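Below you'll find the structure, written out as structure tokens, and then a few comments.
The values are calculated or read from the model by the stated rules, or taken from the named source; none is laboratory data. If you're wondering where the values come from, they're calculated on a predicted model, not measured in any experiment. So basically every Cβ, Gly included, is an ideal-geometry build from the backbone, and we count neighbours across all protein chains shown. Please note that ligands, DNA and RNA were not included when accessible areas were found on the heavy atoms of the full protein model with its side chains. Shrake-Rupley method; radii C 1.70, N 1.55, O 1.52, S 1.80 Å.
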Amino acid sequence: MSLPFRMSKRALRTPEPPISWLMKYALDCPQCISLAAGFVDTDTLPVEIVGACTDDLMASADTGRAALQYGTTIGLPALRRQIVDRLAADDGITFEANRVDADCAIVTSGSQQLLFLISDVLLDEGDIVILGGPSYFVYMGILHSMGAIARTVPMDADGMDVDALERVLADLERAGQLDRVKLVYDVSFFQNPMGVSLSTERRKRMLQIVQRFSKRHRIFILEDAAYKELRFADPSLPPTKKFDTTNEWVLYTGTFCKPFSAGMKTGFGVLPKEILEPVLRQKGNHDFGSANLNQMIISRAVARGDYDRHVQKVRAGYRKKAAVMADGIRKYFPAATTWYEPQGGLYIWAELPASIPTGPDSEFFKAALAQNVLYVPGDFCFYPNSGYEGTRSAMRLSYGVAAPGQVAEGIKRLGELACEMLSSGVAAK
Ligand SMILES: Cc1ncc(COP(=O)(O)O)c(C=O)c1O
């Protein structure tokens, strides 16, 4: 008989991702309509662009070999320059205004890696991170692993409620716990799961609030801008980073996965230099650099203008599918459903009347599965025991990967189910 092994505390604290079984279920059930996965639309993936850029790179032995060799830990210089140039052109984030230049940019293996690295660099067991309720559940997994304590602040149509953020920080100060607060985590554009964006006013106030409560150490804002480019209309809201005029307070993360290719798993960050260094040391331990070939392909696509043309197409596609979902909700969901018409991103958050819980053990969820429709139960998006646990009746609905016809059919089935349960009064459980 083999001997048992002993896992680290960190491994023991790390729960199974709550939706991994849902993803597996979707794969094993080809007739299922999955409104659960936050995957990007398979039909829009940039096969031709990536093919042309790869051919270009491989057409010369020099560029081909460079692409097939290891790169640097911090990432491809050309791509890092493009990342800051784009922030300058789109948002006016510059060295003059924000002390941001290419030396502050890092390329990572998806933005998820950077969220992990930043958290790893900043958080000891028992440290506190403030986040929205609901929030991106995969980030919550990182907090569990780190043994961090989450405090949840409610969200509304304008993103995180910054008055509530202020109250939470004041409570922590009164309780003598301000020294443990390291981060405010915010998905500031078309949030996962609610689809809402932080208003410009709240961006400014969030920054002022963290500055005011940074008494003996800096409380950072971790601005996760994963969905920034997936807006349905121009102009973009300014990133919270734009108001960080000294490049000291906002740790900005972004990705090429959502707007371009998830399979290339390339993300990036723009960070204050003092935190970039420890992040790089951790990244060195992880992988000493992200895939050079992918970075070179993306850099080429950006330089040729293909990237921007592609993003325009992707936006138009999601805008159409979001409208299909929104129309279906208007038509089929109970009138008392609370939801926000998406302006970008991949999600609609729908809160059914409180008498219809939507959690994984609920009658509604089971009935939806029986009708071959999958959604992410809203319960997964609230950090347990973190001060605010929101509603039990919400669903995260994604129009990312399902075809428009499936989106329409899936929403119809869910809506009719909810209406039936409401009228027969069987829902609550
Ligand atoms: C809010 C948010 N942040 C970060 C990520 C990570 O994306 P990636 O690592 O693919 O860049 C995701 C992916 O779904 C996300 O939804």
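Just to verify a result, which residue in segment 325-358, among those that are of a type in the set (S, T, N, Q) and in a loop (DSSP other than H, G, I, E, B), is farthest from the ligand (Cβ to nearest atom)? Give the derivation first.
Our first condition is that a residue be of a type in the set (S, T, N, Q); within segment 325-358, this holds for 337-338, 343, 355, 358.
Restricting the remaining residues to those that are in a loop (DSSP other than H, G, I, E, B) gives 337, 343, 355, 358.
Working: Thr337: 23, Gln343: 16, Ser355: 30, Thr358: 20 Å.
Per the stated criteria, the residue is Ser355.
What about Ala36, is it modelled with pLDDT under 95, touching a Cys at 6+ places or on another chain (Cβ under 7 Å) and within 16 Å of the ligand (Cβ to nearest atom)?
On the way: modelled with pLDDT under 95: yes; touching a Cys at 6+ places or on another chain (Cβ under 7 Å): no; within 16 Å of the ligand (Cβ to nearest atom): yes.
Taking the combined requirement at face value, the residue does not satisfy it.
Does at least one position in segment 260-269 carry a residue that is at positive phi and in contact (Cβ under 8 Å) with a residue 12 or more places away in the chain? Walk me through how you get there before you give the answer.
Step one: list which residues in segment 260-269 are at positive phi, which gives 265.
Applying the additional criterion that residues be in contact (Cβ under 8 Å) with a residue 12 or more places away in the chain yields 265.
Within segment 260-269, one or more residues are at positive phi and in contact (Cβ under 8 Å) with a residue 12 or more places away in the chain.
When you scan segment 58-100, how many residues do you find that are free of Cβ contacts under 8 Å to residues at least 40 places away in the same chain and among the aromatic types (Phe, Trp, Tyr)?
1
Kindly check whether there is at least one residue in segment 295-306 that is over 19 Å from the mean Cα position of the chain (by Cα), within 15 Å of the ligand (Cβ to nearest atom) and either crowded, with 16+ Cβ neighbours inside 10 Å or modelled with pLDDT of 95 or more (or both). Quick ask: steps written out before the conclusion?
Pass one, segment 295-306, residues over 19 Å from the mean Cα position of the chain (by Cα): 295-306.
Adding the requirement that they be within 15 Å of the ligand (Cβ to nearest atom) leaves 295, 298.
Now drop any that are not either crowded, with 16+ Cβ neighbours inside 10 Å or modelled with pLDDT of 95 or more (or both), which leaves 295, 298.
Yes: segment 295-306 contains one or more residues that are over 19 Å from the mean Cα position of the chain (by Cα), within 15 Å of the ligand (Cβ to nearest atom) and either crowded, with 16+ Cβ neighbours inside 10 Å or modelled with pLDDT of 95 or more (or both).
Can we say Ser60 is out of contact with any Gly (no Cβ under 6 Å at 6 or more places or on another chain), away from the ligand (no atom under 16 Å from the Cβ) and polar (S, T, N, Q)? First the steps, then the outcome.
On the way: out of contact with any Gly (no Cβ under 6 Å at 6 or more places or on another chain): yes; away from the ligand (no atom under 16 Å from the Cβ): yes; polar (S, T, N, Q): yes.
So Ser60 fits the description; yes.
Matching residues to (1) within 25 Å of Phe220 (Cβ to Cβ); (2) in contact with a Lys or Arg (Cβ under 6 Å, 6 or more places away or on another chain):
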{"site": "Thr54", "(1), (2)": "no, no"}
{"site": "Leu57", "(1), (2)": "no, no"}
{"site": "Ala105", "(1), (2)": "yes, yes"}
{"site": "Glu125", "(1), (2)": "yes, no"}
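Here is a check on your reading of the model: is Ala66 assigned to a helix (DSSP H, G or I) and farther than 17 Å from Thr266 by Cα?
Numbers: assigned to a helix (DSSP H, G or I): yes; farther than 17 Å from Thr266 by Cα: yes.
Answer is yes for this residue.
Let's see how each residue does on (1) assigned by TED's automatic domain parsing to the domain that holds Pro77; (2) touching a Leu at 6+ places or on another chain (Cβ under 6 Å); (3) within 15 Å of the ligand (Cβ to nearest atom); (4) open to solvent by less than 20 Å² (accessible area, probe 1.4 Å):
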site: Asp103; (1), (2), (3), (4): yes, no, no, no
site: Phe116; (1), (2), (3), (4): yes, no, yes, no
site: Ile128; (1), (2), (3), (4): yes, no, no, yes
site: Met146; (1), (2), (3), (4): yes, yes, no, yes
site: Ile149; (1), (2), (3), (4): yes, no, no, no
site: Asp156; (1), (2), (3), (4): yes, no, no, no
site: Gly159; (1), (2), (3), (4): yes, yes, yes, yes
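Restricting attention to segment 169-191, does a residue exist that is in a helix (DSSP H, G or I) and open to solvent by less than 10 Å² (accessible area, probe 1.4 Å)?
From segment 169-191, those in a helix (DSSP H, G or I) are 169-174, 178-180; that's our starting set.
Those left that are additionally open to solvent by less than 10 Å² (accessible area, probe 1.4 Å): 169, 172.
Yes, there is a match, as at least one residue in segment 169-191 is in a helix (DSSP H, G or I) and open to solvent by less than 10 Å² (accessible area, probe 1.4 Å).
Go over the candidates Leu183, Leu198 one by one and state the one that is within 20 Å of the chain's Cα centre (by Cα), without any contact (Cβ under 8 Å) to a residue 60 or more places away in the chain and within 15 Å of the ligand (Cβ to nearest atom).
Leu198
Taking Val107 as the residue in question, decide whether it is part of a strand (DSSP E or B), farther than 30 Å from Gln371 by Cβ, within 12 Å of the ligand (Cβ to nearest atom) and assigned by TED's automatic domain parsing to the domain that holds Lys241.
Details: part of a strand (DSSP E or B): yes; farther than 30 Å from Gln371 by Cβ: yes; within 12 Å of the ligand (Cβ to nearest atom): yes; assigned by TED's automatic domain parsing to the domain that holds Lys241: yes.
Here the answer is yes, as Val107 does meet what is asked.
What about Gln31, is it open to solvent by 20 Å² or more (accessible area, probe 1.4 Å), over 30 Å from Leu222 (Cβ atoms) and either assigned to a helix (DSSP H, G or I) or at pLDDT below 95 (or both)?
yes
Please pick out the residue among Gly415, Gly410, Gly405, Gly390 that is open to solvent by less than 50 Å² (accessible area, probe 1.4 Å) and farther than 16 Å from Ile348 by Cα. Lay out the reasoning, then the answer.
Values: Gly415 fails: farther than 16 Å from Ile348 by Cα; Gly410 fails: farther than 16 Å from Ile348 by Cα; Gly405 fails: open to solvent by less than 50 Å² (accessible area, probe 1.4 Å).
Going through Gly415, Gly410, Gly405, Gly390 in turn, the sole match is Gly390.
Here is a check on your reading of the model: is Thr73 modelled with pLDDT under 95 and among the β-branched types (Val, Ile, Thr)?
Considered against the rule, which asks whether it is modelled with pLDDT under 95 and among the β-branched types (Val, Ile, Thr), Thr73 comes out as no.
Among the residues of segment 130-144, how many are within 14 Å of the ligand (Cβ to nearest atom), in a helix (DSSP H, G or I) and either of a type outside the set (Val, Ile, Thr) or out of contact with any helix residue (DSSP H, G or I) (no Cβ under 6 Å at 6 or more places or on another chain) (or both)? I'd like the intermediate steps shown before the answer.
The first filter runs over segment 130-144 and keeps only residues within 14 Å of the ligand (Cβ to nearest atom), leaving 131-132, 134-143.
Checking which are in a helix (DSSP H, G or I) leaves us with 137-143.
If we keep only those that are either of a type outside the set (Val, Ile, Thr) or out of contact with any helix residue (DSSP H, G or I) (no Cβ under 6 Å at 6 or more places or on another chain) (or both) too, we end up with 137-141, 143.
So the count comes out to 6.
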